[in-house]
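First comes the structure, then the notes that go with it.
The values are calculated or read from the model by the stated rules, or taken from the named source; none is laboratory data. All values reported here derive from a predicted model rather than from experimental measurement. Note that each Cβ is placed from the backbone with ideal geometry, even for glycine, and that neighbours are counted across all protein chains shown.
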Amino acid sequence: MRQGFAKIARDEKAFRSDNKSAPTLPVARRKATAMFAHQAEDRNALPFFTLLHDLLGYIQQAARNGCPAHEVEQELWSHLLRLGRHAFGLFLGLQGTGDLGPSLALPDGTTAQRLESTHDRPYRSVFGDFTLARTVYGSRAGQKIAFVPLDARLQLPESDYSYLLQKWDQALGCEVAFARVAATLHDVLGLKQPVDSLEHMNRHMAQAVEPFRQARPLPKPAKEAAVFVVSADGKGIVMRRGPDDPAPKAHRGKGDKANKKRMAVVGALYSVGRYPRSPEEVVAALFRDPRQPGQAAPRRPEPVGKHVWARLSRAADGSLGEPIDAVFGWLKAELQRRNRGGVKEVVCLLDGQEALREGLRREPVVPQVVEVLDLLHVTPRLWQAAHLFHKEGSVEASAFVRQRLLRVLRGEVKGVVAGLRRLGKLRGLPAAQRQRLQVLCRYLKANASRMRYDEYLAKGYPIASGVIEGACRHYVKDRLERSGMRWSKAGAQAMLDVRSEYLNGDWEGFYQFRIDRETKRLYPQCKILEEVIWTLPA
């Protein structure tokens, strides 16, 4: 094999030194052409070394002509794709058909016979489409094929799309619509890919997400921060109307939607260092007070090992019981793996949604979890209360909120509630406004046990769920709620699964895990190849 490549190199060198227009091809180029000519879509395509010679000639000519750089880039890329196609075709041609003799002894003790005719399979790579002629082994024609040596040697994927092409397709698909993926890669690689094939690929890839989660390497214990934080929230996804669903009304009234949403429950887990603060510092940050001259911005600790995942509601009515239990079950399992022995404190940041609190009670992530009401769900209610007494945007309304927020952060929630009720009576609010004030006060009173912010700040706990809010926005909304998007249940869940690994920073590890897992499943008999000599074509 080395001698063969050495001869090709010598012939190539001789070809490059020949500045004359030779009417015949060097021997190596004729052999290379014969090896992969059957792979080329264009039977009149130039052989590999002629393409290389043309590329070098183009570069010299473009330099002499002073061509614009962007035009040269485009032309070079086209040349390189053609070179890549012929090089990859040469590689495939060198493998032969995988003929290992008239019979093969399989690991299970049976013997498979070589079938008379080769079996073709398509292979779509980043360099274009190829057809592989493969020798196959089985009991007889028409029966299930027992072993395909070439497939096992090349570790070919189950689908016609190469692993590299699938990786690029799905990495792009985690950010943009599949129609945009198809258009982009057609522009870059010249490949035409149906959107439904990309969607099917996404669903197939999602099957490897759960096994990967269970095998995913954990952050080293020494790198985990002092406090673990878990959080959950819900986000609606617009669903595609099913074949049995009623058609939307010709005239929709208030609250009627052309397409229904189905809720996805998003969970997040990470560890973070303690960040003690005073109530005054938090208020100053929320109101964006200017810092004193020379005062540096505080450095917040960065989350460690942040992972997100979401489960879409499977119930037709969009009820959250099952997805909440699934997400909290996942959070619990992750904590058991990362917080061995429960030695570190665990904080659960939630909004006031009762369904999430019930889910935490059904599936407690740890026995002693510190529940914290997200402060960003408290401040809007203080602003609503302020606007019952003062004009929106007024200095008085801002002072009203600042004063009461400071008291809330000092642990004086009950005093704030009593003061609001007393003020409502003194001001003689109209009935409708009194009702709104009572709703606000009931919310604060019901969540007072989760609003011990003075204790949380002293211990350096996070009190705002920016991570989960950002996850709902970036993880779900930015990909699944774009204009005009409608999802099937299976399609939405598959995208949530695959996109989670993309956003968690595990994309490379996940993709290699998927390849290894599929290879083991497809080729359990690949050890046969260790005992045979694979002869390359002369």
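For Gly419, are the conditions met, namely being over 30 Å from Leu312 (Cα atoms) and surrounded by fewer than 13 Cβ atoms within 10 Å (Cβ to Cβ)? Full working, then the answer.
Working: over 30 Å from Leu312 (Cα atoms): yes; surrounded by fewer than 13 Cβ atoms within 10 Å (Cβ to Cβ): no.
The answer is no for Gly419.
Residue by residue through the stretch 472-496, note down the ones that are of a type in the set (A, V, I, L, M) and out of contact with any helix residue (DSSP H, G or I) (no Cβ under 8 Å at 6 or more places or on another chain). Steps first, answer last, please.
Taking the stretch 472-496 and keeping what is of a type in the set (A, V, I, L, M), we get 476, 480, 485, 490, 492, 494-496.
Answer for the stretch 472-496, where residues must be of a type in the set (A, V, I, L, M) and out of contact with any helix residue (DSSP H, G or I) (no Cβ under 8 Å at 6 or more places or on another chain): just Met485.
Any residue at all in the stretch 480-490 that is under 30 Å from Val372 (Cβ atoms) and either among the acidic types (Asp, Glu) or in contact with a strand residue (DSSP E or B) (Cβ under 7 Å, 6 or more places away or on another chain) (or both)? Spell out how you get there, then give the answer.
Of the stretch 480-490, the ones under 30 Å from Val372 (Cβ atoms) are 480-481.
From what is left, the residues that are either among the acidic types (Asp, Glu) or in contact with a strand residue (DSSP E or B) (Cβ under 7 Å, 6 or more places away or on another chain) (or both) are 480-481.
Yes, some residue in the stretch 480-490 is under 30 Å from Val372 (Cβ atoms) and either among the acidic types (Asp, Glu) or in contact with a strand residue (DSSP E or B) (Cβ under 7 Å, 6 or more places away or on another chain) (or both).
Residues being surrounded by 15 or more Cβ atoms within 10 Å (Cβ to Cβ), under 13 Å from Tyr453 (Cα atoms) and not β-branched (Val, Ile, Thr): count how many of those fall in the stretch 276-290. So that I can check it myself, show each step before the final result.
Restricting attention to the stretch 276-290, the residues satisfying the condition of being surrounded by 15 or more Cβ atoms within 10 Å (Cβ to Cβ) are 277, 279, 282-284, 286.
Pick out the ones that are also under 13 Å from Tyr453 (Cα atoms) and you get 277, 279, 282-283.
Next, only the ones that are not β-branched (Val, Ile, Thr) stay: 277, 279.
So the count comes out to 2.
So is Asp151 buried (at least 18 other Cβ atoms within 10 Å of the Cβ), not in a loop (DSSP other than H, G, I, E, B) and not assigned by TED's automatic domain parsing to the domain that holds His86 or not? Working first, answer last.
On the way: buried (at least 18 other Cβ atoms within 10 Å of the Cβ): yes; not in a loop (DSSP other than H, G, I, E, B): yes; not assigned by TED's automatic domain parsing to the domain that holds His86: yes.
The answer is yes for Asp151.
If you check Gly393 against the conditions, is it surrounded by fewer than 19 Cβ atoms within 10 Å (Cβ to Cβ), without any contact (Cβ under 8 Å) to a residue 12 or more places away in the chain and in a loop (DSSP other than H, G, I, E, B)?
On the way: surrounded by fewer than 19 Cβ atoms within 10 Å (Cβ to Cβ): yes; without any contact (Cβ under 8 Å) to a residue 12 or more places away in the chain: yes; in a loop (DSSP other than H, G, I, E, B): yes.
Yes; evaluated as a whole, the condition is true for this residue.
Applying the selection to the stretch 208-233, what residues are surrounded by 18 or more Cβ atoms within 10 Å (Cβ to Cβ) and closer than 22 Å to Leu349 by Cβ?
Answer for the stretch 208-233, where residues must be surrounded by 18 or more Cβ atoms within 10 Å (Cβ to Cβ) and closer than 22 Å to Leu349 by Cβ: Arg213, Glu224, Ala225, Val227, Phe228, Val229, Val230, Ser231, Ala232, Asp233.
Going through the stretch 332-357 one residue at a time, which ones are in a helix (DSSP H, G or I) and closer than 18 Å to Gly466 by Cβ? Step through it out loud before you land on a result.
Narrowing the stretch 332-357 to residues in a helix (DSSP H, G or I): 332-338, 340-342, 354-357.
If the condition is that a residue be in a helix (DSSP H, G or I) and closer than 18 Å to Gly466 by Cβ, then Leu356 is the only one that fits.
Taking the options Arg482, Arg514, name whichever one is modelled with pLDDT under 95 and among the charged types (D, E, K, R). Quick ask: steps written out before the conclusion?
Details: Arg514 fails: modelled with pLDDT under 95.
Among Arg482, Arg514, only Arg482 is modelled with pLDDT under 95 and among the charged types (D, E, K, R).
Tell me the residue from Arg482, Arg473 that is charged (D, E, K, R), in a loop (DSSP other than H, G, I, E, B) and farther than 17 Å from Phe212 by Cβ, please.
Details: Arg473 fails: in a loop (DSSP other than H, G, I, E, B).
Just one listed residue meets the conditions, Arg482.
State whether the residues of the stretch 171-182 include one that is basic (Lys, Arg), surrounded by 13 or more Cβ atoms within 10 Å (Cβ to Cβ) and modelled with pLDDT under 95.
First, pick out the residues of the stretch 171-182 that are basic (Lys, Arg): 180.
Applying the additional criterion that residues be surrounded by 13 or more Cβ atoms within 10 Å (Cβ to Cβ) yields 180.
Now restrict to residues that are modelled with pLDDT under 95: none.
The answer is no; no qualifying residue exists.
Each row is one residue, and each column tells you yes or no for (1) in a loop (DSSP other than H, G, I, E, B); (2) of a type in the set (Phe, Trp, Tyr); (3) in contact with a helix residue (DSSP H, G or I) (Cβ under 6 Å, 6 or more places away or on another chain); (4) assigned by TED's automatic domain parsing to the domain that holds Arg340.
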| residue | (1), (2), (3), (4) |
| --- | --- |
| Glu175 | yes, no, no, no |
| Val181 | no, no, yes, no |
| Leu185 | no, no, no, no |
| Val188 | no, no, no, no |
| Leu191 | yes, no, yes, no |
| Leu198 | no, no, yes, no |
| His204 | no, no, no, no |
| Pro211 | no, no, no, no |
| Gln214 | no, no, no, no |
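Please tell me if Arg277 is of a type in the set (D, E, K, R), in contact with a helix residue (DSSP H, G or I) (Cβ under 8 Å, 6 or more places away or on another chain) and at pLDDT below 90. Walk me through it before giving the result.
Values: of a type in the set (D, E, K, R): yes; in contact with a helix residue (DSSP H, G or I) (Cβ under 8 Å, 6 or more places away or on another chain): yes; at pLDDT below 90: no.
So Arg277 fails the test.
Pick from the stretch 437-470 the residues that are among the hydrophobic types (A, V, I, L, M, F, W, C) and in contact with an Asp or Glu (Cβ under 8 Å, 6 or more places away or on another chain): which of them is farthest from Ala179 (Cα to Cα)?
Our first condition is that a residue be among the hydrophobic types (A, V, I, L, M, F, W, C); within the stretch 437-470, this holds for 437, 439-441, 444, 446, 448, 451, 457-458, 463-464, 467-468.
Those still in the list that are in contact with an Asp or Glu (Cβ under 8 Å, 6 or more places away or on another chain) too: 463-464, 468.
Values: Ile463: 40, Ala464: 37, Ile468: 29 Å.
The selected residue is Ile463.
Can you name the residue in the stretch 299-329 that is without any contact (Cβ under 8 Å) to a residue 60 or more places away in the chain and touching an Asp or Glu at 6+ places or on another chain (Cβ under 8 Å) and, of all such residues, is surrounded by the fewest Cβ atoms within 10 Å (Cβ to Cβ)?
Within the stretch 299-329, the match that is surrounded by the fewest Cβ atoms within 10 Å (Cβ to Cβ) is Ala315.
Within the stretch 80-109, can you find the residues that are farther than 16 Å from Leu51 by Cβ and of a type in the set (A, V, I, L, M, F, W, C)?
Across the stretch 80-109, the qualifying residues are Leu92, Leu94, Leu100, Leu104, Ala105, Leu106.
Which of the residues belonging to the stretch 359-382 are aliphatic (A, V, I, L, M), under 17 Å from Pro462 (Cα atoms) and part of a loop (DSSP other than H, G, I, E, B)?
Val378
Look at the stretch 424-443 and say how many of its residues are under 17 Å from Phe400 (Cβ atoms) and either among the aromatic types (Phe, Trp, Tyr) or outside the structural domain of His387 (by TED's automatic domain parsing) (or both).
Here the count works out to 0.
So, Arg362, is that one touching a residue at least 40 places away in the same chain (Cβ under 8 Å), over 19 Å from Leu375 (Cα atoms) and not acidic (Asp, Glu) or not?
Numbers: touching a residue at least 40 places away in the same chain (Cβ under 8 Å): no; over 19 Å from Leu375 (Cα atoms): yes; not acidic (Asp, Glu): yes.
Judged against the criteria, Arg362 is not a match.
Tally time: how many residues in the stretch 396-413 are under 24 Å from Glu354 (Cα atoms) and part of a helix (DSSP H, G or I)?
Of the residues in the stretch 396-413, the ones under 24 Å from Glu354 (Cα atoms) are 405, 408-409, 411-413.
Next, from what is left, pick out any that are part of a helix (DSSP H, G or I): 405, 408-409, 413.
Matching residues across the stretch 396-413 total 4.
Looking for whichever is under 17 Å from Val229 (Cα atoms) and polar (S, T, N, Q) here; the options are Ser483, Ser449, Ser488, Ser465. Which one fits?
Ser465
Would you call Gly236 surrounded by fewer than 18 Cβ atoms within 10 Å (Cβ to Cβ) and at positive phi?
Working: surrounded by fewer than 18 Cβ atoms within 10 Å (Cβ to Cβ): yes; at positive phi: no.
For Gly236, the condition - surrounded by fewer than 18 Cβ atoms within 10 Å (Cβ to Cβ) and at positive phi - is not met.
When you scan the stretch 19-76, how many residues do you find that are at pLDDT below 75, of a type in the set (Val, Ile, Thr) and assigned to a helix (DSSP H, G or I)?
Final tally of qualifying residues: 2.
If I filter the stretch 314-333 for residues that are hydroxyl-bearing (Ser, Thr, Tyr) and over 29 Å from Asp454 (Cα atoms), do I get at least one hit?
Restricting attention to the stretch 314-333, the residues satisfying the condition of being hydroxyl-bearing (Ser, Thr, Tyr) are 319.
Narrowing further to those that are over 29 Å from Asp454 (Cα atoms): 319.
Scanning the stretch 314-333, I find at least one residue that is hydroxyl-bearing (Ser, Thr, Tyr) and over 29 Å from Asp454 (Cα atoms), so the answer is yes.
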